[in-house]
Amino acid sequence: MTEEFDMSDPKKDAPTTLTLLDKLREVASKRVAKPQFLIEVPERPGLAILIDPNIDDDRIKKLQSRVTHKGNMDTFRFGLLLVAETTRGLYLGGEEVTNDNGHPLTFVSPEVKDMFGGHADVAAVVKEMFGVDAHAISAAGVVIDRAGYGEDVEVEDPFQNS
């Protein structure tokens, strides 16, 4: 009489139970990104700007340094550049506007700059597109908020008795 032995790896068929460390690795391996969103341009019916709020601290600091002179930061210009920096497309009537090559238009696109006098300064293009300074600044505030700056972080006291 012969005896048969299962030589397969016993761990292979065993149910997998993840440790907390494994779960932490899984959570940490996932890319963190805020979703893109549209901001309507109030004085231009049907026009909306697609914003990617995933702007990191280094890019914020670069924008701040571009608008700081003699220790004074031009917050209005900073807001305009922030909107330009995070824009990924323009939508009209719910449809993405593209150039002749099918690329999405942004504030740095020559076609958009030409609509507003061919400005080389992208901040001026954003200002002209919004038409009302307060609307442009409000848009910048929305970008900052959606990027998570100033967002409340939930704090839990692990030593508090429930």
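Among residues that are in contact with a Pro (Cβ under 6 Å, 6 or more places away or on another chain) and of a type outside the set (Val, Ile, Thr), His119 is not included. Just to be sure before I move on: is His135 under 21 Å from the mean Cα position of the chain (by Cα), at pLDDT 95 or above, surrounded by fewer than 15 Cβ atoms within 10 Å (Cβ to Cβ) and not β-branched (Val, Ile, Thr) in the structure I sent? The answer is no for His135. Considering Glu154, Glu128, which residue is of a type in the set (Asp, Glu) and modelled with pLDDT under 90? None of the others qualify; the one that does is Glu154. Residues in the stretch 73-96 that are surrounded by 16 or more Cβ atoms within 10 Å (Cβ to Cβ) and not small (Gly, Ala, Ser): Arg77, Phe78, Leu80, Leu81, Leu82, Val83, Glu85, Thr86, Thr87, Leu90, Tyr91. The number of residues in the stretch 108-155 that are touching a strand residue (DSSP E or B) at 6+ places or on another chain (Cβ under 8 Å) and of a type in the set (Asp, Glu) comes to 0.
Checked against the criterion of being of a type in the set (Asp, Glu) and modelled with pLDDT of 95 or more, the candidates Asp74, Asp13 yield just one match: Asp74.
Where helices (runs of 4 or more DSSP H) fall wholly inside the stretch 35-125, the ranges with 2 or more residues that are among the charged types (D, E, K, R) and free of Cβ contacts under 8 Å to residues at least 40 places away in the same chain are 57-66, 110-115. Can you confirm whether the stretch 114-124 contains a residue that is farther than 15 Å from Arg77 by Cβ, surrounded by 13 or more Cβ atoms within 10 Å (Cβ to Cβ) and over 23 Å from the mean Cα position of the chain (by Cα)? Yes: one or more hits.
Return the residues of the stretch 66-106 that are hydroxyl-bearing (Ser, Thr, Tyr) and in contact with a strand residue (DSSP E or B) (Cβ under 9 Å, 6 or more places away or on another chain); say none if nothing qualifies. The answer is Thr86, Thr87, Tyr91, Thr98, Thr106.
For the stretch 37-48, state whether one or more residues are more than 19 Å from Asp133 (Cβ to Cβ), within 14 Å of the chain's Cα centre (by Cα) and at pLDDT below 95. No, that holds for no residue.
The values are calculated or read from the model by the stated rules, or taken from the named source; none is laboratory data. Everything quoted here is computed from the prediction, not taken from an experiment. Positions of Cβ are generated from backbone atoms using ideal geometry, with glycine treated the same way; all protein chains shown enter the neighbour counts.
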